[in-house]
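Let me begin by presenting the structure, written as structure tokens, before commenting on it.
The values are calculated or read from the model by the stated rules, or taken from the named source; none is laboratory data. Everything numeric in this text was worked out from a predicted model, so none of it was measured. Note: ideal-geometry Cβ built from the backbone for every residue, glycine included; neighbour counts use all protein chains shown. Please note that ligands, DNA and RNA were not included when accessible areas were found on the heavy atoms of the full protein model with its side chains. Shrake-Rupley method; radii C 1.70, N 1.55, O 1.52, S 1.80 Å.
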Amino acid sequence: MTRYDVLIVGAGHGGAQAAIALRQNGFTGTVALIGEEPELPYERPPLSKEYLAGEKPWERLLIRQPAFWEERNVAMLLGQTAVAVDPVARSVSTAAGETIGYGSLIWAAGGHARRLPCSGGDLIGVHTVRNRGDVDRLLGELPDVARVVVIGGGYIGLEAAAALTKLGRHVTLVEAQDRVLERVAGEPLSRFFEAEHRAHGVDLRLGTQVDCIEGVERVTGVRLADGDVLAADMVIVGIGIVPAVAPLLAAGAQGGNGVLIDGQCRTSLPGIFAVGDCALHANRFAEGAVIRLESVQNANDQASIAAKTILGIDAEYDAVPWFWSNQYELKLQTVGISAGHDTALVRGDPETRSFSVVYLRNGRVIALDCVNSIKDYVQGRKLVVDGATPDLAALADASRPLKELASLPAS
Ligand code: FAD
């Protein structure tokens, strides 16, 4: 049986960063990544942005060039799926029937795109946007596509709508909630992006449920719960992910909608760590609530903590969450977690397309969403980290730089 000192399952953002951090911190043992996809680790965010829009070639998505992994002696076991974990024997089995031993295991398997539960969800022409294969299949069909229906008004759905609109397709976006980005942002930001998409010709259907996908073999339309049918040559489903943790849970790890980790990214199973989209963790920026974060920042930062812990270096996950989204010529940057806010205060005029939304809870700043407003993003970070309690009138005054408003941390 082949054995590695550290075996990493998942060759995405978290898996790549775990290997990088191990070597950066002087780890000299053997390291391997098992990756379900055939590609070396690559950046996922461009899949719904520049790569989909044809503005960034595949080669520029790679997190590191092939030589980097060879020089650092990181084995890439690609095109292989881990299907079972034996925490006693310290081994992982793959779908191909191989058993691979480990000293420490880092589970960085992310998640798989959630499929539509209704009939027609697997017709030809119904796509998700999670990995390179998904987007290449979608792009291969695009020349014959005029009308696209996007299901889901989260970041991925909105970014796909923006990219496809740029490519000249007619896009209808269906969202079950009464506003886009309902799960992750406050109303002012939702309304701003809705107006932007409408101005670019996207037909937004809010508060609208999908009944089923219509078509024989290939999709022809989307039937809505009210009986309306939207004609479609292609459907893109952006309704979130299912964390890829089944083998770990089957092996006895605590969790549910993800696998539970502590501040050092340790699961409840000895020698097994988890990082990234699949990791349930108590986050102080969510008032200690146990959550999963789906961001590059979180995957990278947790991966570095897991690597350090394996090396016996003291480390604790306490990073401020941040995220970005590009739609049309708008760059959104967010810091903190806005869920649970009691106040959403707009700084600047959304009409100028450069403004921020500051979120507070009990007078403390908990998050910012900054649209084309890098200064607020950079300076507002400290307010979030400190849980600052600035004067609201000053906060709403866009002429006052946020760095002037940092107050003493609230007790
Ligand atoms: P991933 O990067 O998904 O890597 C997991 C890897 O594990 C995958 O390659 C998967 O195939 C593989 N795998 C799964 N199960 C197994 C198994 N059993 N055996 C072997 N391999 C397995 N974040 C941002 O911060 N900003 C953005 O703008 C942004 N845009 C995004 C756009 C898109 C289209 C998508 C899909 C995501 C975006 N994200 C963005 C989220 C970000 O990409 C993820 O949070 C990040 O990739 C998480 O890293 P990860 O290592 O946990 O998972």
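Answer yes or no as to whether ARG381 is part of a helix (DSSP H, G or I) and either more than 17 Å from VAL320 (Cβ to Cβ) or open to solvent by 30 Å² or more (accessible area, probe 1.4 Å) (or both).
yes
Step by step: first the residues of the range 292-332, then only those that are acidic (Asp, Glu) and more than 12 Å from the chain's Cα centre (by Cα), then the one that is surrounded by the most Cβ atoms within 10 Å (Cβ to Cβ). Which residue is that? Give the derivation first.
Taking the range 292-332 first, the residues acidic (Asp, Glu) are 294, 301, 314, 316, 318, 329.
Okay, now just the ones that are also more than 12 Å from the chain's Cα centre (by Cα), so 301, 314, 316, 318, 329.
Numbers: ASP301: 25, ASP314: 7, GLU316: 12, ASP318: 12, GLU329: 9.
For the range 292-332, the residue satisfying everything is ASP301.
Could you look through the range 384-394, keep only residues that are part of a helix (DSSP H, G or I) and open to solvent by less than 30 Å² (accessible area, probe 1.4 Å), and pick out the one that is modelled with the lowest pLDDT?
Filtering the range 384-394 for residues that are part of a helix (DSSP H, G or I) and open to solvent by less than 30 Å² (accessible area, probe 1.4 Å), the one modelled with the lowest pLDDT comes out as ALA394.
So MET76 passes all but one of these: (1) assigned to a strand (DSSP E or B); (2) open to solvent by 40 Å² or more (accessible area, probe 1.4 Å); (3) within 9 Å of the ligand (Cβ to nearest atom). Which condition number does it fail?
All conditions pass for MET76, except number (3).
Restricting the range 38-50 to residues that are part of a loop (DSSP other than H, G, I, E, B), in contact (Cβ under 8 Å) with a residue 40 or more places away in the chain and open to solvent by less than 40 Å² (accessible area, probe 1.4 Å), which is farthest from ALA108 (Cα to Cα)?
The extreme case among them is LYS49.
How about the range 142-161: which of its residues are open to solvent by less than 40 Å² (accessible area, probe 1.4 Å) and away from the ligand (no atom under 13 Å from the Cβ)?
Taking the range 142-161 as the starting set, the residues that turn out to be open to solvent by less than 40 Å² (accessible area, probe 1.4 Å) are 142, 145, 148-155, 157-161.
Result: LEU142, VAL145, VAL148, VAL149, ILE151, GLY153.
So how many residues does the range 16-38 have that are within 8 Å of the ligand (Cβ to nearest atom) and either farther than 15 Å from VAL296 by Cα or more than 19 Å from the chain's Cα centre (by Cα) (or both)?
Within the range 16-38, residues that are within 8 Å of the ligand (Cβ to nearest atom) and either farther than 15 Å from VAL296 by Cα or more than 19 Å from the chain's Cα centre (by Cα) (or both) number 4.
Considering each residue of the range 198-238, count those that are free of Cβ contacts under 8 Å to residues at least 40 places away in the same chain, surrounded by 15 or more Cβ atoms within 10 Å (Cβ to Cβ) and farther than 17 Å from ALA146 by Cβ, and give that number.
3
Can you tell me how many residues in the range 313-361 are outside any strand (DSSP E or B) and among the polar types (S, T, N, Q)?
From the range 313-361, those outside any strand (DSSP E or B) are 313-321, 328-329, 337-342, 348-354; that's our starting set.
If we keep only those that are among the polar types (S, T, N, Q) as well, we get 338, 352, 354.
Selection size over the range 313-361: 3.
It is to be established whether one or more residues within the range 99-106 are within 23 Å of GLU294 (Cα to Cα) and open to solvent by less than 30 Å² (accessible area, probe 1.4 Å).
yes
Could you grab the pairs with beta carbons closer than 9 Å, sequence gap of 6+ or different chains, first residue in the range 294-305 and within 17 Å of ILE156 (Cα to Cα) and near the ligand (Cβ under 7 Å from one of its atoms), second one open to solvent by 30 Å² or more (accessible area, probe 1.4 Å) and part of a loop (DSSP other than H, G, I, E, B)?
GLU294/GLY240; VAL296/GLU43; VAL296/ARG44
Among the residues of the range 52-73, write down those that are part of a loop (DSSP other than H, G, I, E, B) and out of contact with any helix residue (DSSP H, G or I) (no Cβ under 6 Å at 6 or more places or on another chain).
GLY54, GLU55, PRO57, ARG64, GLN65, ASN73
Of the numbered conditions (1) among the small types (Gly, Ala, Ser); (2) in contact with a Leu (Cβ under 8 Å, 6 or more places away or on another chain); (3) open to solvent by less than 20 Å² (accessible area, probe 1.4 Å), SER268 fails exactly one; give the number of that condition.
All conditions pass for SER268, except number (3).
Filter the strands (runs of 3 or more DSSP E) completely within the range 239-287 down to those with at least 3 residues that are without any contact (Cβ under 8 Å) to a residue 24 or more places away in the chain and not aromatic (Phe, Trp, Tyr).
none
So which of GLY256, GLY238 is under 30 Å from ILE8 (Cα atoms) and within 16 Å of the ligand (Cβ to nearest atom)?
GLY238
Test each condition in (1) closer than 23 Å to ALA303 by Cβ; (2) within 14 Å of the ligand (Cβ to nearest atom) for ALA53 and report the one that comes out false.
For ALA53, the exception is condition (1).
In the range 108-132, which residue that is within 16 Å of the ligand (Cβ to nearest atom), open to solvent by 20 Å² or more (accessible area, probe 1.4 Å) and part of a loop (DSSP other than H, G, I, E, B) is nearest to ALA21 (Cα to Cα)?
The residue in question is ALA109.
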